[in-house]
């Protein structure tokens with residue numbers, strides 16, 4: 001399930017970029033992200049502690065909020081030095097704040113915004129070259145994401161999580177620019193809800209195991 005779950009975040013990142021490009025009220029969009037970040041934090045912290053023994057990390061909504069800040073700064077600051085300095089500082093902050101997927105997660109949002117062909121149709125670049133740059137760049141970022149695990153886990157598992165993290169980049173190329181059925185709040189609610197269910201399930205299983213001893 002952890003391998004299959006690698007599909008989720010790149011799709012979240014893509015949806016954030018689509019949302020940023022199409023939202024009619026950026027302020028409300030940012031407030032909605034922060035609100036669900038706060039709602040999700042307690043079940044996320046419990047789940048994080050169960051999985052890796054750490055309470056001090058921030059959930060995926062914070063990662064998306066950092067990514068939204070990067071996109072806003074990139075589009076609205078004219079001074080290039082100041083603009084890229086702020087973006088770099090946000091990436092550093094994301095790393096030390098231990099947001100889910102870290103600075104990599106924030107950067108992949110920025111990468112999708114800059115290079116995804118289906119979101120940048122106005123470019124004069126050859127379409128085949130644009131597709132190649134996006135897919136090759138995404139693959140390199142996936143390899144960098146998991147490079148620290150080379151030699152520390154089985155290659156089958158490592159190749160699997162890299163492949164499932166890369167797969168959404170291909171799905172992004174089929175985006176037609178049209179809005180589908182509106183399930184917006186379902187997916188906002190799903191994230192904290194599924195973490196809560198997993199937390200409760202863990203404690204129920206522990207209680208059952210202790211009761212059988």
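Bear in mind that the values in this text are calculations on the coordinates, not laboratory data. Please read all numbers here as calculations on a predicted model, not as lab measurements. We place every Cβ from the backbone using ideal geometry, glycine too, and count neighbours over all the protein chains shown.
Rounded if a/c is under 1.5, else prolate if a/b is larger than b/c, else oblate: which is the stretch 134-213, with a ≥ b ≥ c the root eigenvalues of its Cα gyration tensor? Cα axes put the stretch 134-213 in the oblate bin. Each peptide in 192-203, 53-64, 147-158 receives the mean, over its residues, of other Cβ atoms within 10 Å, and ordering these scores from highest gives 53-64, 192-203, 147-158.
Taking the chain as the reference, fit the longest principal axis to its C-alpha atoms, fit the long axis of helix 102-115 to the helix C-alpha atoms, and give the angle between the two in degrees, 0 to 90, nearest 10. Orientation of helix 102-115: about 30 degrees from the principal axis. Calculated mean residue ellipticity at 222 nm for the chain: -25000 deg cm²/dmol, from DSSP H runs with n ≥ 4 weighted as -39500 (n - 2.57), summed, divided by the residue count and rounded to 500. A Gaussian network model of the chain, with springs between Cα atoms under 10 Å, assigns the largest mean-square fluctuation among 125, 69, 172 to 125. Listed by Cβ neighbour count within 10 Å, with the fewest neighbours leading, 206, 99, 70 appear as 206, 70, 99.
Read through the labelled values (i) -0.63, -0.89, -1.17; (ii) -0.59, -0.95, -1.38; (iii) -0.51, -0.80, -1.11 and report the label of the one computed as log10 I(q)/I(0) by the Debye sum over Cα atoms at q = 0.11, 0.14, 0.17 Å⁻¹ from the structure. After the calculation, the listed value that fits is (ii).
A Gaussian network model of the chain, with springs between Cα atoms under 10 Å, assigns the largest mean-square fluctuation among 184, 28, 127 to 184. Tell me the angle of helix 127-145 to the major Cα principal axis of the chain, expressed in degrees between 0 and 90 and rounded to the nearest ten. Between helix and principal axis, roughly 30 degrees. Roughly how tilted is helix 60-76, in degrees to the nearest 10 and between 0 and 90, from the longest Cα axis of the chain? Once rounded, one gets 10 degrees. Which whole-angstrom value gives the distance between the alpha carbon centres of the stretch 99-139 and the stretch 1-69? After rounding, the separation between the Cα centres reads 19 Å.
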